[in-house]
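Each value in this text was obtained by applying a stated rule to the coordinates, not by laboratory testing. The model shown is predicted, which means the values in this text are computed figures rather than measured ones. Cβ atoms come from the backbone with ideal geometry, glycine included; neighbour counts cover every protein chain shown.
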Amino acid sequence: MGSLEASCSLHTNLLDQILHAKLRFFNTTPLGRIVNRFLSDMETIDQNVTPSASYLLYSVITTSYAIMLVSYVMPLFLISGFFIALIFWGIDIYYLHISHTLKRLNSTSCSLIYMYFAETIIGVSIICTFGAQAMLYL
């Protein structure tokens, strides 16, 4: 239910910003990038937020119980566990940087595909008039 509310809220805010954008924004931003932004944000919220939140809660509870149990049995684990956690935290920061870069590259490539598709839909009557359908099959 929270995912639906978040999706509706994000869509409403994004649409409001697009509808009130200056004309310069539409001249400098390709249509494919705008469509991709709507699609990718909605897909992320609809498909990833709820499972990720439930997995996070499960992981936090399970990890907390495991740390408490191991610390009770072997208290010296807290010292070595702290250093191991720092190492994994550093790996996590490195991974997030790479993940954001790959996400941006994926978004850029999808924007080009959406722009090509949108411009093809706009020009479909001209394409059919000149019988150039075969040119669209790459």
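What pairs come up if the first residue lies in the range 72-83 and is surrounded by 11 or more Cβ atoms within 10 Å (Cβ to Cβ), the second is outside any loop (DSSP other than H, G, I, E, B), and their beta carbons are under 6 Å apart, counting only those six or more places apart or on different chains? Within 6 Å, the pairs are Phe77/Val70; Phe77/Ser71; Leu78/Ser71.
Consider the range 1-52 and keep the residues that are under 20 Å from His100 (Cβ atoms) and of a type in the set (Ser, Thr, Tyr). The one that is surrounded by the fewest Cβ atoms within 10 Å (Cβ to Cβ) is Ser52. Applying a threshold of 9 Å to beta carbon distances and a minimum spacing of six or more residues, or different chains, the list of pairs starting in the range 12-41 at a residue that is over 23 Å from Asn106 (Cα atoms) and without any contact (Cβ under 8 Å) to a residue 40 or more places away in the chain and ending at one that is among the polar types (S, T, N, Q) and exposed (fewer than 11 other Cβ atoms within 10 Å of the Cβ) is empty.
Evaluation of Phe83 against the conditions (1) hydrophobic (A, V, I, L, M, F, W, C); (2) within 29 Å of Ser7 (Cβ to Cβ); (3) out of contact with any His (no Cβ under 8 Å at 6 or more places or on another chain) shows that the sole unmet condition is (2).
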